[in-house]
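Input: a single structure, listed below in structure tokens.
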Amino acid sequence: MSQKTDQWTSKLGFILAAAGSAIGLGAIWKLPYVAGTSGGGAFFIIFLLFTILLGLPLLLAEFTIGRHTQKEAVSAYRSIAPGSKWPWIGKLGVATSFLLLSFYSVVGGWIVVYLYRAFTMNIKGIAPDEFATMFEQTISNPYLAIFAHFIFILMTIIIVQGGVQKGIERSSKLMMPALFILFILIVLRSVTLDGAMEGVKFFLLPDFTSVTGETVLFALGQAFFSLSLGVSIMVTYSSYLKSKESLPRSAVSIVGLTIFISLLAGLAIFPAVFAFGLEPTEGPPLIFIVLPAVFSSIPFGNVFFILFMALLLFATLTSAFSLLEMVVASLTKNDPSKRKKSSWIAGIAIFVMGIPSALSYGVLADPVFFGLTFFDFLDFLVSNILLPLGALLIAIFVPLKINKKTLAAEIQQGSNMKMIWFHIWFNLVKYVIPVAISLAFLNVLGII
Ligand code: PHE
């Protein structure tokens, strides 16, 4: 059953797909909103630390499993540990992807709405706080929220069922750099607004007195979320990779890009938040309020607004494909004839699952679980529990089930990584990642 041949024709194809999965709403939408509600600078520093010390080694671990087995997630674990419960890591990844895409697609829908808005409205002269009202009015409309969520998931299904991701990934060669450039322009505008320095300080100057166990758990969740870790997507993607490519180099470039775009997102948002007298604690709607306000204050703002929303939609879709692909791959079990049907079934089920999240800014705005709305609850469950849990299991699995020599040989194929780096990596995976994640869990549970 290991239909392993569909290899990336080039290293670029793989990097583009993996980076496409990583870079998306995590760095651009989620980072500013979580940093805003979790105290700013200290959060960002902890996030950076986790991304480098835990995220990077874990990304390399997922790559290693994938390329070593040349199999998609569930079969990969099965082939390394046959007859055991370990393939459940893959199944947990499928379930997590399913839940994650259900609310991810709701935010994707907001982008669709804003793209439409960008074409049809004139943002010049609108006051910053009016954008907050505009968001509420738009998204609280239940029909619109559900319709937009539907359109986003529909786009995702259409591309995944046709198996044309490769084409899309190639276009990201153009779209991603364009998004970066546009972001740099926004940052330049944002940091030169009157009163912007307050925001730069808020985002970059750490105040560790405000750090709680929750801040740490959120930063951990954010690090995994923005690198697409803990759901074995990176296992599946690297399974198509030829052995002559360097895994460490690929991992470092993806982590570098993700950190860079997270930094840009924070520097685009917070200076403007403070300059316009908005609240950093706005939560998930944050970028949808702040960015239009920035665009309304620059020449050709409408054009930039359109461009930005289009590029953001693109970046979001490339992450959404990876999530739907994960679910579809588990349904088709590598039988291409089932691809179409599975994509539609999985996509529609995810659409239905996402409906309560889509309504969480309107008719379901009252808390339903643990004082959270459905949307916030699902986001919390996925980002801060399921992703770290998946990451913990992968970090336990790798040193336990794969022989150290085999790991060294796999990582060194196609790269000339020094042995010292290999040992550092191995120890980070074997000790630091499991201990850090367990401590974060125990702390939030109040056990330590
Ligand atoms: N990394 C993606 C983003 O930042 C989200 C994602 C998480 C995708 C986990 C796949 C798996 O938008």
Fill in: Count of the range 190-206 residues which are over 26 Å from the mean Cα position of the chain (by Cα) and touching a residue at least 60 places away in the same chain (Cβ under 8 Å)
6
Worksheet item: Can you name the condition, by its number, that G83 falls short on among (1) modelled with pLDDT of 95 or more; (2) on the phi > 0 side of the Ramachandran plot?
Response: (1)
Discussion item. Looking at the range 175-234 only, could you name the residues that are among the aliphatic types (A, V, I, L, M) and not in a helix (DSSP H, G or I)?
Written reply: L193, L205, V211, L227, L229, V231
Item to complete: Scan (1) at pLDDT below 95; (2) surrounded by fewer than 17 Cβ atoms within 10 Å (Cβ to Cβ); (3) within 16 Å of the ligand (Cβ to nearest atom); (4) not hydroxyl-bearing (S, T, Y) for the single condition G163 breaks and write down its number.
Response: (3)
Worksheet item: Consider G277 against the criteria (1) part of a helix (DSSP H, G or I); (2) under 24 Å from G36 (Cβ atoms): it satisfies all of them except one. Which criterion is unmet?
Response: (1)
Fill in: Those residues of the range 99-120 which are within 11 Å of the ligand (Cβ to nearest atom) and either small (G, A, S) or farther than 19 Å from P284 by Cα (or both), in sequence order
G108
Discussion item. Name the single residue that is nearest to the chain's Cα centre (by Cα) among those in the range 295-341 being free of Cβ contacts under 8 Å to residues at least 60 places away in the same chain and either within 16 Å of the ligand (Cβ to nearest atom) or assigned to a helix (DSSP H, G or I) (or both).
Written reply: L331
Worksheet item: Mind checking which pairs have a first residue in the range 71-86 that is closer than 15 Å to L400 by Cβ and a second that is charged (D, E, K, R) and crowded, with 23+ Cβ neighbours inside 10 Å, Cβ under 9 Å, 6 or more apart or different chains?
Response: Y77/K71
Worksheet item: Does L257 satisfy being of a type outside the set (K, R) and either within 16 Å of the ligand (Cβ to nearest atom) or at positive phi (or both)?
Response: yes
Worksheet item: Only one of R117, R78 is closer than 20 Å to F295 by Cα, of a type in the set (K, R) and touching a Phe, Trp or Tyr at 6+ places or on another chain (Cβ under 9 Å); which?
Response: R117
Worksheet item: All but one of (1) in contact with a Ser or Thr (Cβ under 8 Å, 6 or more places away or on another chain); (2) more than 20 Å from M309 (Cα to Cα); (3) modelled with pLDDT under 95 hold for E169; which doesn't?
Response: (2)
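Considering only residues that are within 23 Å of the chain's Cα centre (by Cα) and surrounded by 15 or more Cβ atoms within 10 Å (Cβ to Cβ), which ones fall in the range 350-366?
We begin by selecting, within the range 350-366, every residue within 23 Å of the chain's Cα centre (by Cα); these are 350-361.
I350, F351, M353, G354, I355, P356, S357, A358, L359, S360, Y361 - these are the residues of the range 350-366 that are within 23 Å of the chain's Cα centre (by Cα) and surrounded by 15 or more Cβ atoms within 10 Å (Cβ to Cβ).
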Worksheet item: Hey, any hits in the range 118-134 for a residue that's of a type in the set (D, E), out of contact with any Leu (no Cβ under 7 Å at 6 or more places or on another chain) and not in a helix (DSSP H, G or I)?
Response: no
Discussion item. Suppose the filter is hydroxyl-bearing (S, T, Y) and either farther than 30 Å from L307 by Cβ or within 16 Å of the ligand (Cβ to nearest atom) (or both); does S226 pass it?
Written reply: yes
Worksheet item: Which of the residues that make up the range 341-372 are more than 23 Å from G162 (Cβ to Cβ) and among the charged types (D, E, K, R)?
Response: D366
Response to the item:
Restricting the range 213-223 to residues that are hydrophobic (A, V, I, L, M, F, W, C) and more than 12 Å from the ligand (Cβ to nearest atom), the one surrounded by the fewest Cβ atoms within 10 Å (Cβ to Cβ) turns out to be V216
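Would you pick out the residues in the range 235-254 that are part of a helix (DSSP H, G or I) and surrounded by fewer than 21 Cβ atoms within 10 Å (Cβ to Cβ)? Can you show your working first?
Step one: list which residues in the range 235-254 are part of a helix (DSSP H, G or I), which gives 235-238, 247-254.
Listed by number, the residues that qualify are R249, V252, S253.
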Worksheet entry | Criterion: within 30 Å of F150 (Cβ to Cβ), away from the ligand (no atom under 16 Å from the Cβ) and surrounded by fewer than 24 Cβ atoms within 10 Å (Cβ to Cβ) - qualifying residue of T37, T69 | T37
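Residue-by-condition table, conditions (1) touching a Leu at 6+ places or on another chain (Cβ under 8 Å); (2) modelled with pLDDT of 95 or more; (3) not β-branched (V, I, T):
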| residue | (1), (2), (3) |
| --- | --- |
| S357 | yes, yes, yes |
| L386 | yes, yes, yes |
| I411 | yes, no, no |
| G414 | yes, no, yes |
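The values are calculated or read from the model by the stated rules, or taken from the named source; none is laboratory data. As the structure is a computational prediction, the values presented were derived from the model and not from experiment. So basically every Cβ, Gly included, is an ideal-geometry build from the backbone, and we count neighbours across all protein chains shown.
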